[in-house]
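The values are calculated or read from the model by the stated rules, or taken from the named source; none is laboratory data. Note that the structure is a prediction, hence the values are computed from the model and not measured. As a convention, Cβ positions derive from the backbone with ideal geometry for all residues, glycine included, and neighbour counts pool all protein chains shown.
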Amino acid sequence: MHEIKLNPAIAPTMREHYICNGDSIFINNQWIKSAQNIETKLKSFTGCDSILQDNIIMKPLLTREIQFYICYGDSVQVFGSWYDEEIQFDRRISSSNPALCDSLIEYQIIQYEDIYVDLPQRIEIEEGSPVNLTSTFSPNAKTFHWSPSQDLSCTDCPNPICTSPNDRIYYLEVSDEYGCISSDSMPVLVKKKIWRILLNAFSPNGVV
């Protein structure tokens with residue numbers, strides 16, 4: 001009589017492996033670079049097969065976003081390079097900790113809307129006559145600053161009234177809500193009255 005003996009089934013052995021994107025792991029004489037399950041049949045001492053299951057899991061890449069805002073005409077330096085326009089690019093940063101994956105940083109350069117101001121090339125006025133200093137500016141201009149402040153009805157308005165008795169150069173600087181600025185200048189030339197010119201000609205020290 002022959003006795004038949006059944007050996008107990010061997011439960012599968014499960015192993016998990018975590019790797020970063022771009023890394024690999026050596027299993028069954030091959031390098032694995034992607035997430036997958038690998039099943040390997042092994043012989044046990046009883047003669048029954050056993051199963052080894054390797055589960056390769058990809059660890060997520062650490063990502064973050066960094067934004068730079070610049071005014072029109074300005075630039076910003078990122079990793080030794082200067083950028084003066086809108087652009088988006090990625091940069092991979094290696095981790096110094098072997099237990100952590102590399103980081104992926106998404107850089108975005110955002111440019112504010114252009115701001116401008118324009119003044120006449122020059123203005124001529126009669127001595128003693130007020131004149132309105134007109135300016136043309138972009139819709140995003142929020143604040144105004146005229147200089148110098150002498151003989152102006154206001155210095156924080158777009159179109160002040162000027163009563164300067166002498167030739168003078170006025171400057172206007174405008175800025176938007178983000179601090180971007182633009183400026184322009186304008187000479188104001190004053191025509192002296194004839195009686196004052198004649199009086200100066202006969203004044204020994206030129207004082208009226």
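I'd like the full set of residues that are surrounded by 14 or more Cβ atoms within 10 Å (Cβ to Cβ), of a type in the set (S, T, N, Q) and part of a strand (DSSP E or B), limited to region 106-151.
Gln111, Ser147
Would you check if there is a residue in region 152-162 being assigned to a strand (DSSP E or B), modelled with pLDDT of 95 or more and of a type in the set (Val, Ile, Thr)?
Yes, because at least one residue in region 152-162 is assigned to a strand (DSSP E or B), modelled with pLDDT of 95 or more and of a type in the set (Val, Ile, Thr).
Checking the structure you have, find out if any residue of region 68-89 is of a type in the set (A, V, I, L, M) and exposed (fewer than 12 other Cβ atoms within 10 Å of the Cβ). Quick ask: steps written out before the conclusion?
Going through region 68-89, the residues of a type in the set (A, V, I, L, M) turn out to be 70, 76, 78, 87.
Next cut, exposed (fewer than 12 other Cβ atoms within 10 Å of the Cβ) only: none.
Scanning region 68-89, I find no residue that is of a type in the set (A, V, I, L, M) and exposed (fewer than 12 other Cβ atoms within 10 Å of the Cβ), so the answer is no.
Considering only region 94-105, I want to know if a residue exists there that is surrounded by 14 or more Cβ atoms within 10 Å (Cβ to Cβ), modelled with pLDDT under 80, of a type in the set (Gly, Ala, Ser) and in a strand (DSSP E or B).
Step one: list which residues in region 94-105 are surrounded by 14 or more Cβ atoms within 10 Å (Cβ to Cβ), which gives 101-105.
If we keep only those that are modelled with pLDDT under 80 too, we end up with none.
No, there is no match, as no residue in region 94-105 is surrounded by 14 or more Cβ atoms within 10 Å (Cβ to Cβ), modelled with pLDDT under 80, of a type in the set (Gly, Ala, Ser) and in a strand (DSSP E or B).
The rows are residues; the columns are (1) touching a helix residue (DSSP H, G or I) at 6+ places or on another chain (Cβ under 9 Å); (2) at pLDDT below 95; (3) of a type in the set (S, T, N, Q).
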position: Ile38; (1), (2), (3): no, yes, no
position: Leu62; (1), (2), (3): no, yes, no
position: Glu65; (1), (2), (3): no, yes, no
position: Leu119; (1), (2), (3): no, no, no
position: Thr134; (1), (2), (3): no, yes, yes
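For region 49-56, does any single residue satisfy the condition of being touching a Pro at 6+ places or on another chain (Cβ under 6 Å), among the aliphatic types (A, V, I, L, M) and surrounded by 11 or more Cβ atoms within 10 Å (Cβ to Cβ)?
Of all residues in region 49-56, those touching a Pro at 6+ places or on another chain (Cβ under 6 Å) come to 51, 53.
Among the residues that remain, those that are also among the aliphatic types (A, V, I, L, M) are: 51.
After this cut, where a residue has to be surrounded by 11 or more Cβ atoms within 10 Å (Cβ to Cβ) as well, the list is 51.
Yes, region 49-56 has at least one match.
Any chance region 109-132 includes a residue that's hydroxyl-bearing (Ser, Thr, Tyr) and without any contact (Cβ under 8 Å) to a residue 40 or more places away in the chain? Full working, then the answer.
Taking region 109-132 first, the residues hydroxyl-bearing (Ser, Thr, Tyr) are 112, 116, 129.
Restricting the remaining residues to those that are without any contact (Cβ under 8 Å) to a residue 40 or more places away in the chain gives 129.
Yes - at least one qualifying residue is present in region 109-132.
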